[in-house]
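Each remark here refers to the structure printed beneath this line.
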Amino acid sequence: MNNIDQQIKQALNEEYHELIAENEAIEANPFKQMGAGFKGKMKWIYIQVMFFSVVFFAVAIYAIYQFYHEQEVKSLIGWGVTIIVFVVLSQLAKIWYWSELGRNRVIREVKLLELQVAHLIDRMNQK
């Protein structure tokens, strides 16, 4: 029984130090946080959201170009609405992505707290 307890403690200790090292590396700047997001389970969704965000922005730029060169009022209104819709869609995609980055950050912190509580309980049991 004691051997199993030691193995569990060793595994928790290794996981704790690994999580702290990963957290410190990712916490450094937002670009590393974005990179960590593309390594997780939802990386394909993140890639799709970024792709569509770029497409929406490109369509908005094209609509701005067409709006600038248009002469008729009816067409101006159409291109204006297109600009507004695609800029809003682009920003919605980016807001969703940044909120997901925040969620991932919170999850990392909760894991770290769980490991710290497990270590604290382990220390209290040893005394």
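The values are calculated or read from the model by the stated rules, or taken from the named source; none is laboratory data. Keep in mind the model is a prediction, meaning the values are calculated, not measured. Cβ: placed from backbone, ideal geometry, glycine included. Neighbour counts: every protein chain shown.
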- Message: So the check is Cβ under 6 Å with 6+ separation or different chains; which pairs have a first residue in the stretch 69-89 that's of a type in the set (D, E, K, R) and a second one that's surrounded by fewer than 17 Cβ atoms within 10 Å (Cβ to Cβ) and in a helix (DSSP H, G or I)?
- Response: E70/L76
- What is the one condition in (1) more than 28 Å from the chain's Cα centre (by Cα); (2) surrounded by 13 or more Cβ atoms within 10 Å (Cβ to Cβ) that M124 does not satisfy? (2)
- Scanning the stretch 53-90 for residues that are aromatic (F, W, Y) and surrounded by fewer than 14 Cβ atoms within 10 Å (Cβ to Cβ), which turns out nearest to R103 (Cα to Cα)? Y65
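Got a sec? Which of G40, G35 is closer than 22 Å to R108 by Cα, modelled with pLDDT under 90 and not in a helix (DSSP H, G or I)?
G40
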- Message: Against the definition (of a type in the set (D, E, K, R) and without any contact (Cβ under 8 Å) to a residue 40 or more places away in the chain), how does E114 come out, yes or no?
- Response: yes
